[in-house]
Amino acid sequence: MEKITSFTIDHIKLKKGVYVSRKDTYGAETITTFDLRMTKPNEEPVMNTAEIHTIEHLAATFLRNHSTYGEKTVYFGPMGCRTGFYLLLAGDYSSKDILPLIIEMFEFIASFRDEVPGASPKDCGNYLDMNLPMANYLAKKYLDDVLYQITEEQLVYPQ
């Protein structure tokens, strides 16, 4: 079997960042998949499921309600390796195009102090597996360590 695209990226060279993972065309529409890499693969500890789950709920709610990107949001969810998230947007974008959106989203997550949207037994299949304080911490860390001072090599996959 052929390797899928995400398994062809050199994870030894990969830094924390915001990357275009792939672009797919469906009819006339392009779907851009972004790799929001929050931890350095195979070097830093991965995120635990509770904070990943909390970030997923907050980010999906933020994105679906965004005035510009709400209708363009196809999907937001965690990577199986627990080092980051995938964001799929309808449209042909570069990492730089969406950087303001990603900063705004992680500022929202870092400062969120209310009930996590969808964190109830009626709304979620695993509502108890949430950790808002850790989600706040990781969002702030991603902002400070990556997003506020992002470099070109953190916007384009390593060769």
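Descriptive notes on the structure:
- Test: residue in region 38-57 that is in contact with a Leu (Cβ under 8 Å, 6 or more places away or on another chain) and hydroxyl-bearing (Ser, Thr, Tyr): yes
- Restricting Met105, Met47 to those that are in contact with a Phe, Trp or Tyr (Cβ under 6 Å, 6 or more places away or on another chain) and of a type outside the set (Lys, Arg) reduces the list to Met105.
- Within region 116-159, the set of residues being out of contact with any helix residue (DSSP H, G or I) (no Cβ under 9 Å at 6 or more places or on another chain) and among the polar types (S, T, N, Q) comprises Ser120, Gln149, Thr151, Gln159.
- Within region 116-140, being surrounded by 15 or more Cβ atoms within 10 Å (Cβ to Cβ), touching a residue at least 60 places away in the same chain (Cβ under 8 Å) and either of a type in the set (S, T, N, Q) or over 14 Å from His53 (Cβ atoms) (or both) holds for one residue alone: Asn131.
Every number here is computed from the coordinates shown, using simple stated rules; none is lab data. Model, not experiment: these values are computed from the prediction. Cβ sites come from the backbone with ideal geometry, for glycine too, and all protein chains shown count toward neighbours.
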